[in-house]
Every structure is written in C-alpha cells, then in structure tokens.
1. Scan region 382-426 for residues that are in a loop (DSSP other than H, G, I, E, B) and under 19 Å from I240 (Cβ atoms) and jot them down.
2. Quick check on V110: is it at pLDDT below 95, more than 24 Å from L32 (Cα to Cα) and surrounded by 16 or more Cβ atoms within 10 Å (Cβ to Cβ)?
3. What are the residue pairs meeting all of these: first residue in region 36-47, first residue closer than 18 Å to D64 by Cβ and of a type outside the set (D, E, K, R), second residue part of a helix (DSSP H, G or I) and within 7 Å of the ligand (Cβ to nearest atom), Cβ atoms under 6 Å, and 6 or more apart or on different chains?
4. Given (1) buried (at least 19 other Cβ atoms within 10 Å of the Cβ); (2) in contact with a strand residue (DSSP E or B) (Cβ under 6 Å, 6 or more places away or on another chain); (3) not in a loop (DSSP other than H, G, I, E, B), where does P324 come up short, assuming only one miss?
5. So G139 fits all but one of (1) at pLDDT 95 or above; (2) touching a helix residue (DSSP H, G or I) at 6+ places or on another chain (Cβ under 9 Å); (3) small (G, A, S); what number is the exception?
6. When you go through A127, A183 one by one, which is the residue that is within 16 Å of the ligand (Cβ to nearest atom) and either touching a helix residue (DSSP H, G or I) at 6+ places or on another chain (Cβ under 6 Å) or in a helix (DSSP H, G or I) (or both)?
7. Check off (1) free of Cβ contacts under 8 Å to residues at least 60 places away in the same chain; (2) assigned to a helix (DSSP H, G or I) for D307 and give me the number that stays unchecked.
8. When you check E378 against the structure, is it surrounded by fewer than 14 Cβ atoms within 10 Å (Cβ to Cβ) and not in a helix (DSSP H, G or I), yes or no?
Amino acid sequence: MIGIGTVGTGALKVLTGHGREVERRLGCKVELKTLCSRTIYSKDLSWLPRPVKLTKNWKDVVSDPEIDIVVELVGELSTARAIAHAAINAGKHFVTASKQLVAEHGMELVERADRAGVNLGIEACVAGGTPILHAIREGLAGEHFSAVYGILNGTTNYILTEMERRGCSYGDALVEAQEKGFAEPDPTFDVEGYDARYKIAILAMLCFGQPVAVESVPAEGITRIERVDFAYAHRLGRTIRLIAAARRRYGRLEIFVRPMMIPRTSQLAAVTGAVNGVLLAGDKAGDTMVTGRGAGGEPTGVAVVSDIVQIARSVVSGGTNATPLGYRHWHPARVVSDAQHEVAAYLRLVVHDKPGILARVSTVLARHRINIDSVLQEPLQPKERMPFVMTLELVKEKYIRSAVEEIARLPFMAQRPLMLPFADLP
Ligand SMILES: NC(=O)c1ccc[n+]([C@@H]2O[C@H](COP(=O)([O-])OP(=O)(O)OC[C@H]3O[C@@H](n4cnc5c(N)ncnc54)[C@H](OP(=O)(O)O)[C@@H]3O)[C@@H](O)[C@H]2O)c1
C-alpha cells in the first residue's frame, strides 16, 4: 500500500479490523506486505496487529516479487500514474482511489492492464464508501441507462444543506465546513464543481461506454447561491443541489455539473449533509438510487478493501476482471452543449429599487423570446439591494444566457443575475 494518509490509514484500519471477515469471504488471507509513504518512519503504526515492511520509496513496492496487489493512495496525479505504470508493467494487480487518474487516463490503464493480464480496482474513485461503480458495472450490466444524476461532492452538499436548514450565509456555512474538516483551506476544487466533474466523467464512461474528456464537461459552482434563493426555492416546492449529470439526448451525450432547482420530493433532495447520492435512470429497472458516505478515510477505505477482496477472488479462481470501466467496445462521445437544450429556469435579480424595473426586464426577456411564468418577491427586503425572482417558461438555454448578459448591463442592477435551471428529477 503506497500513500498512508487519510484514505491509506482508513483502508489499513478496515483491512486489519475486518481481516477475519475478509478471510471467511475469500477462503484465504490477504497479507499486508509493505507500507510506503514519504514520512512512513515518523507515523505511529503501533496499532497494526503485526509488523510489516516499511519504505519511503514506492519502487521497492512495485519491484517486490512477493507482492500481488499494489494499492495507490498518494493523490498527486503524476506520481499516481507512474506507480500505476510500474505496478502494471511488473504484473501486479492495481487498486487506486484517484479520480483524476481514472478520469484522465482510465482507458490507457485498462489497455495496459489487459496486456499485462492484471486487474484494476477503481471503486474508491467515485462516491467513496458507496458501491456505485460495482452497481453500474456488475449489478446493472443488463440495463440500458438513459441518465445518471449525482450529488458527488460532500463539501458542497454540506454547505448547501446547512444554508437551507439553518438559513445561514454561504460564507458562514463554508467556514463551518472547514472547521469540521469537510472543506479544504482552499475550497476551490470542491465549490467550483471541479471535483464532481472528474466523477461524472467516470460515471458517464461506466454508464454509456463513452470516454469523456474531463475538460469538455462544463462546471459551475455554488459560490453565488444565497440564503434568499432557498426561501424562493421553497415557495416553488423546490430546493437547490449541485447536480452532476450525464444523459443521452438524441444519440448525443449531455454532461455537466451545475447547481439546479430540484423538486423537494425528489430522491436527491433527501441527500443532505456531507453525503453522496447517485440516481441511475434505466429503461427496464427504472430508477435506482445509491446513497452513502462519499468521502473520509474509513468509508473510502471500505471501497479500497472491497476492490482488494474482488481482486483476491479472481486470483484465487484464476480469472481477471477484463472490464474495469464496464465496456470492451467504446463509442466516441458526441458531447452536446447544454445551451442547445430547452430549460425552464429560475432567475434571481438584485436591483436598486425604482419604478419601471419590471417593465425593462420583461422587455429584454420578450426580445429573446422568453415567456415569464411568475414573479416572486419576499416581503420587507432592503430597497437599495432588493432581490426578486422571475420563473421562466421552457426555452432554449442559449436565449436565457443572452438575455442574462443584457439584463446584467441594465443600470439598476446591483449584481449579476443568477440563473438556475429547473430539473424535474424523480
Ligand atoms: N480523502 C478522501 O475522503 C478521499 C475520498 C475518495 C478518494 N480520495 C482519493 O484518495 C487519494 C488519497 O487521498 P488522501 O485524502 O488520503 O490524501 P492524503 O491524506 O494527502 O494522503 C496521501 C499520502 O500519500 C503519501 N505520498 C504522497 N506522495 C508520495 C510519494 N511520492 N511516495 C510515497 N508516498 C507519498 C503522503 O505521504 P506522507 O504523509 O508520508 O507525506 C500521504 O500519506 C487521492 O487520490 C484522493 O483523491 C480521497
């Protein structure tokens, strides 16, 4: 095992704590041979049941002929990739928790593993402790998926659901998430949707057999959501979640990460706190929801150990798992821009209040062929920064975007309008 940080320590605790259970399931023991980390000699490993070999150099692990399975939990992409290549080339089965490695180089790893006749374990890369990748790849291998929707980032879900539950500001919820260890000191990777982008790219690969370039996935974060948006959302029977989605549309793939207004009764609305949830829409099994702890040492450690168990089973039976990414024949993804689709939307405007504002905004919307469905205003708002909301009827998103650009330039606007699409998820 290379990389003894949060996940490495969690995986060690699971492997040692559940050793007997694992042995009963396998009919043989998984023996921990070597632990590798840069600061391994200063770590307190006295709680391990028996001494293991320690090293600071990962090359000692991949070159050891007694080792069957290499587990990579270092995080940094180029190191993870170098370890993957060296381990697979040396004929070792390979387990990783790195979403970047799998999203950006998954196909390459599968080809190398195929040639070397070894297995890949990737369950920990998406939604930590949940078995979502096994569910798609094995449990639902007979299904045809039309869409996959996920709440894939615990940090942003914690922030949004605390804003909703307690009516606190985005800034206060973020600070609290940082204090509780749910958010990094620099939260950009999570709050801007970049983390969820890697995960939805992997889910799309497994659901549709189409490789997706991560940078082609549009990502929008949650930093512009304010507490007043939840007040309006509730009046509309909705709530706000950061949704990562991939769906088939007329032979093309639509894929994105963005905050959306979803029904309060939808299954993803029930995913609260630092939890992950994935909703799979299939044409025969219908909707399947998987939810659970998407991060943290021990939950993610369970996913790592589950991969180790699965690989050990195939070692015992002499087979290999030839389809770690779910497909052997791939189709290129024709990714369609979401701007081409029709959406109904929520538009929040904050203005310096004066007569005639509604007429000016309505004129711009009409010019872009957009019908207003309703206008909402919470009472007793400050006149100098007054928020109000328009809900817009179904129209191509590109028209809404052009209208938003124009409205943003109107002289009475106190800040840029916020547009959130409605998503009628089950
Ligand atoms: N944290 C989560 O909840 C979570 C959930 C799902 C997936 N993941 C993924 O799991 C992986 C590990 O994340 P983490 O949170 O456990 O990270 P972490 O706490 O920073 O741990 C990384 C470990 O890797 C070691 N390391 C780094 N470079 C190394 C090198 N060149 N040689 C040997 N060891 C090296 C570090 O060593 P030293 O401590 O000795 O310096 C550290 O122990 C990442 O790919 C992450 O995306 C994390």
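1. The answer is Q415, R416, P417, A423, D424, L425, P426.
2. The answer is yes for V110.
3. C36/W58
4. (3)
5. (2)
6. Just one listed residue meets the conditions, A183.
7. The one condition D307 does not meet is (1).
8. Values: surrounded by fewer than 14 Cβ atoms within 10 Å (Cβ to Cβ): yes; not in a helix (DSSP H, G or I): yes.
For E378, the condition - surrounded by fewer than 14 Cβ atoms within 10 Å (Cβ to Cβ) and not in a helix (DSSP H, G or I) - is met.
The values are calculated or read from the model by the stated rules, or taken from the named source; none is laboratory data. All values reported here derive from a predicted model rather than from experimental measurement. When we count neighbours, we look across all protein chains shown, and the Cβ atoms used for this are built from the backbone with ideal geometry, even at glycine. To get the accessible areas, we keep the full protein, side chains included, count just its heavy atoms, and leave off ligands, DNA and RNA. Shrake-Rupley method; radii C 1.70, N 1.55, O 1.52, S 1.80 Å.
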